[in-house]
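Everything on this sheet refers to the single structure shown next.
The values are calculated or read from the model by the stated rules, or taken from the named source; none is laboratory data. Please read all numbers here as calculations on a predicted model, not as lab measurements. Reconstructed Cβ throughout: ideal geometry from the backbone, glycine too, with neighbour counts over all protein chains shown. With ligands, DNA and RNA removed, areas are computed over all heavy atoms of the protein, side chains included. Shrake-Rupley method; radii C 1.70, N 1.55, O 1.52, S 1.80 Å.
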Amino acid sequence: MQENHLYRKVSIYLSSLASIEDSDFTNLFTGKKTHDIVLHLDPNQVIDDYFLGARVSWINEVKNDTNCCRTFVLKIRRADKRRILRPYLQHIHITSDELEQKKKDVKLHINIDTHEHNRLWRSVPFKHPSTFDTIAMESDLKNKLRSDLESFLKAEQYYHRLGRAWKRSYLLYGPSGTGKSSFVAAMANFLGYDVYDIDLSRVLDDSDLKTLLLQTTSKSVVLIEDLDRFLMDKPTRVSLSGVLNFMDGVLNACCADERIMVYTMNGKDHVDPAILRPGRIDVHIHFPLCDFSSFKTLANNYLGVKDHKLFPQVEEFFQTGASLSPAEIGELMIANRNSPGRALRSVITALQTDGDGRGSLNIRKQLDDSSSRKSTGDSGEHSGIFSREGVNAMKDIRKLYGLLRLKSSKKSESFDRTPDRKDGQSTGL
């Protein structure tokens, strides 16, 4: 009663042939995914295929009415048999695998605390919509990474010839909200790979971490997020040595074939260099705060706007050093998505107040400019909550600026000053 895997692969392959649609009789079935239609051969139906210039025929042979004995019969001309049989079957094997991979439902696996029946993972359908087209990233870098992944998919023999595990390791580092998790989802959707998200705080010890890797499958993305924070907390259950062996140990070399390993960090300056060395990390990808190029991608994705009269003003703020994360800009655009003009003005207002203070805008110059700048649109469009909050925030900053100037003149010792400045002027402000 053992399943014949070759029969299943042939069935998948034949269902994908264009010639099946030209048949007089074809069975239609609903697939696993919504609106998915699958074609199957009718009992005793014959279908032709062509390979290396030779024509072959398949017969879906059913020997009785109960359909309990189903057989695919392949007919090849005697003159072509020796030349094409083996390569043709290999072609079917490869093509059916590719078709299965495309149709496979991608899953997200998370490690759990309780090990019921030796199960360390719990899975849910992976429905993240992120793709390489939707992520805000420099086009050249995006294309290089897509090409790198495509090259990896075709490199099994190359890696094995080198005596290396067929895996690729990526480090994604940058501030929160810059799109690291969305990029992981885009990778998974592009490859059609499952995602194994390892929460190190749930791992019992080094041995448990190895067992998690053992229970991952091929064609998967193995993800560890915020690795730098975990190591900075000096964990007691999982050691640095355990993490290093997980990344590039003997077990990894034996059990990590056809896997993408991804680690995310907010920064790598304070991370042990042993973690970052080649072999453990193959590709380092920096995710910075948003620049004008990324902003235009976000405006196109969120608002459907490729150009706007306010774009030069936004670009000017980015050039002067203002900065926001893609997540912050995205939220502003979602809240004002019905009015692109209002959405862009809300972004400008947020850039004026410099997000959470990460940029290098001169506040005094900004306030002088804002007091003389005319409104960029009619007052009727300032009805979005982010627009009103931005205006109120500017008023609060003006009050705060005046209060600080007043205090600095009375209590100049509260600020760092240079000797050649008069009292009341502060380099700290």
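Brief remarks on what is shown
- Pairs meeting the criteria (first residue in the range 69-82 and in contact (Cβ under 8 Å) with a residue 60 or more places away in the chain, second residue open to solvent by less than 50 Å² (accessible area, probe 1.4 Å) and part of a helix (DSSP H, G or I), beta carbons under 6 Å, at least 6 apart or on different chains) are Phe72/Val10.
- The sole residue among Gly242, Gly267 that is among the small types (Gly, Ala, Ser) and either within 14 Å of Leu171 (Cα to Cα) or without any contact (Cβ under 8 Å) to a residue 24 or more places away in the chain (or both) is Gly267.
- Qualifying residue in the range 282-293 (condition: of a type in the set (Ser, Thr, Tyr), surrounded by 13 or more Cβ atoms within 10 Å (Cβ to Cβ), in contact (Cβ under 8 Å) with a residue 40 or more places away in the chain and touching a Lys or Arg at 6+ places or on another chain (Cβ under 8 Å)): no
- Top-ranked residue of the range 1-20 - restricted to ones that are over 23 Å from Ile76 (Cβ atoms) and not polar (S, T, N, Q), ranked as modelled with the highest pLDDT: Glu3
- Hits in the range 258-275 (condition: touching a strand residue (DSSP E or B) at 6+ places or on another chain (Cβ under 7 Å) and either closer than 20 Å to Ala165 by Cβ or charged (D, E, K, R) (or both)): Arg259, Ile260, Met261, Val262, Tyr263, Lys268
- Note on the range 215-239: among residues that are assigned to a helix (DSSP H, G or I) and surrounded by 14 or more Cβ atoms within 10 Å (Cβ to Cβ), the one that is nearest to the chain's Cα centre (by Cα) is Leu227.
- Remark: pairs (first residue in the range 149-164, among the aliphatic types (A, V, I, L, M); second residue surrounded by 15 or more Cβ atoms within 10 Å (Cβ to Cβ); Cβ separation under 8 Å; 6+ apart in sequence or on different chains) = Leu149/Arg168; Leu149/Met187; Leu149/Phe190; Leu149/Leu191; Leu149/Ile260; Leu153/Leu191; Ala155/Trp166.
- Those residues of the range 249-299 which are within 16 Å of the chain's Cα centre (by Cα) and among the aliphatic types (A, V, I, L, M), in sequence order: Ile260, Met261, Val262, Met265, Val283, Ile285, Leu298
- Criterion violated by Cys68 - all others in (1) at pLDDT below 90; (2) open to solvent by less than 30 Å² (accessible area, probe 1.4 Å); (3) of a type outside the set (D, E, K, R) satisfied: (2)
- Among residues of the range 323-364, those that are more than 19 Å from Ser182 (Cβ to Cβ), at pLDDT 85 or above and outside any helix (DSSP H, G or I), counted: 3
- Looking at the range 55-174, the helices (runs of 4 or more DSSP H) lying wholly inside it that each contain 3 or more residues that are among the charged types (D, E, K, R) sit at 78-103, 139-153.
- Test: residue in the range 249-265 that is among the polar types (S, T, N, Q) and open to solvent by 60 Å² or more (accessible area, probe 1.4 Å): no
- Condition check for Ala299: part of a helix (DSSP H, G or I) and open to solvent by less than 50 Å² (accessible area, probe 1.4 Å): yes
- Any chance Ile275 is surrounded by 16 or more Cβ atoms within 10 Å (Cβ to Cβ), assigned to a loop (DSSP other than H, G, I, E, B) and at pLDDT 90 or above: no
- Remark: Thr26 matches the filter, which requires a residue to be over 29 Å from Glu156 (Cβ atoms), open to solvent by less than 80 Å² (accessible area, probe 1.4 Å) and at pLDDT below 80.
- Leading residue by the ranking (modelled with the lowest pLDDT) among those in the range 115-139 that are farther than 26 Å from Glu331 by Cα and open to solvent by 80 Å² or more (accessible area, probe 1.4 Å): His117
- Considering (1) modelled with pLDDT of 90 or more; (2) open to solvent by 40 Å² or more (accessible area, probe 1.4 Å); (3) within 18 Å of Pro125 (Cα to Cα), the lone condition that Tyr196 does not fulfil carries the number (2).
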